[in-house]
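Comments concern the structure below.
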Amino acid sequence: MELTFSPTGLLYKEKKIHNLKLNKLEIILEDSLLQQNNPAEMSFFRPECGWSKSNEPEDHLNEIALTINNLQDIKEVLCFSYKDESLAKRIVAKSSSLKANIDYLFDPQKGIIRCYPEDFESLEKYKYDYPKKKYKLILIRHYLEHFNNSFEIFEILNNYLDEDGFIYIEVPDCSKFFQKGIPLFLWEQHRKYFNYSSFINLISKNNFNIEFVKTKGNDIEPSICSVVSKKKVNDKYFENNIKLNNSDFIQDLEKNTNFYKENWKNYFNFSKVPIFLLGIGHNSDRFLQLTKSQKNFSGFLDDSDEKEGMYLAFCQKPIQKTFDLDANERFDIILGVHDRSKIYVANKIKAIYKNARCYSIFNNVSEINV
């Protein structure tokens, strides 16, 4: 399956974009795992204003911290990146040690490896230079899916892990996207697209034991949460594990993606009211490029100071922080906010604009009932 986009999630300063590079996204099924074939470098997709540091789900982290602390009393934690800091602080707060410490593997200022994770494309320059320090706990949340060679990441983590230590791994679960045929999960920044089965298989092939694994979250992209160790592999998690070996899987995905695009195309063709897109990021950018609907919008809204006045690819209107409409006016708001936030945001809109209709990019066309 192939899709072609400009770098999704990038914001542009100029109204007219010159020499905009397009990227071909080819999705293949290999070794029971949906993944990209020949992906572009991750640094290619970094927005000028940087990545948000608060876009990962956190409702489950108190429970995860308790689970980890029950395995052992943690005195030192190694965070893979900034995404792990919130969980690390929860774990350290529950530790009996008064001097519990948090270190970082990837961070350009304070990390052991002084760069951003998306700049890390090869293990070669680091694999013979590991420090003697080992950690009882390593955290890697929502980054494993960004790497083309997962085995290299497991190798580098393994070298920092104490023999009786644990790694907490969290990745997005794409199962609901697969089932509902919503193609927005096919971000270029994600080189691999996990479900429970393919994640378990990957852990098994890297010779780790699963101490705990559970899916957390009820939205369209929940998280697979797992604690693994170097101990002898326990087969209980690998029994009756259904692999993604359906030869028609990619064809089904392509068919569902085409239906999604046609469904929204019909909506835009027949709509008679102003349409606004609220929440501008890589999800919204992907939606606009999939549906080719940039010219159908009356405005693009986001409360971020960094995004105000900037443009998404092929859009001729700048991003605004607010819009001036009468409270009784009829218009449609398409929500680009994450699926887990859509009901909350729709309620806030309807409380002010009673005649507004709200939709979500994470569904085929269906008004959100609040």
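Suppose every Lys and Arg Cβ carries +1 and every Asp and Glu Cβ carries -1, with no other charges. What dipole size does the chain come out with about its Cα centre, to the nearest 20 debye?
Using Cβ point charges on Lys, Arg, Asp and Glu, the chain gives about 520 debye.
The residues of the chain have, on average, 48 Å² of accessible surface per residue, using a 1.4 Å probe with all protein chains present. The angle between the Cα long axis of helix 61-71 and the main principal axis of the chain comes to about 10°, on a 0 to 90 degree scale. With helices as the sole contributors, the chain gives -7500 deg cm²/dmol at 222 nm; each DSSP H run of n ≥ 4 counts as -39500 (n - 2.57), and the sum is divided by every residue. May I ask for the angle, rounded to the nearest 10°, between helix 282-291 and the longest principal axis of the chain, with both axes built from Cα atoms and the value confined to 0 to 90°? Once rounded, one gets 50 degrees. To put it simply, the accessible area of the chain at a 1.4 Å probe is 45 percent carbon and sulfur.
Rounded to the nearest 10 degrees, the inclination of helix 249-270 to the longest alpha-carbon principal axis of the chain is 30 degrees.
The peptide list 345-352, 265-272, put in order of mean Cβ contacts within 10 Å with the highest first, becomes 345-352, 265-272.
When nucleic acids and ligands are ignored and a 1.4 Å probe is applied, residue 4 ends up with an accessible area of around 80 Å².
In this structure, the amide hydrogen of residue 195, modeled 1.01 Å from its nitrogen in the peptide plane, lies closer than 5 angstrom to those of 174, counting only residues at least 5 positions away or on a different chain.
Greater than 28 Å separation of Cα atoms is the criterion. Which listed pairs, 99/230; 180/265; 21/110; 216/342; 180/317, meet it? Over 28 Å Cα-Cα: 21/110; 180/317.
Which residues in the stretch 281-311 have a backbone N closer than 16 Å to a point placed 7 Å from the Cα of residue 180 along the Cα-to-Cβ line? Once the point is set 7 Å along Cα→Cβ of residue 180, 283-284, 287 turn out to lie under 16 Å by backbone N, inside the stretch 281-311. Near residue 101, the amide H atoms lying under 5 Å from its own belong to 76, 77; only residues 5 or more places off or on other chains count, and H is placed 1.01 Å from N.
Using a Gaussian network model of the chain with C-alpha springs under 10 Å, which one of 46, 340, 330 is most mobile by mean-square fluctuation? Greatest mean-square fluctuation among the candidates belongs to 330.
The values are calculated or read from the model by the stated rules, or taken from the named source; none is laboratory data. Keep in mind the model is a prediction, meaning the values are calculated, not measured. All Cβ positions, glycine included, derive from the backbone under ideal geometry; neighbour counts span all protein chains shown. We work out accessible area using only protein heavy atoms, side chains counted, and drop any ligands, DNA or RNA first. Shrake-Rupley method; radii C 1.70, N 1.55, O 1.52, S 1.80 Å.
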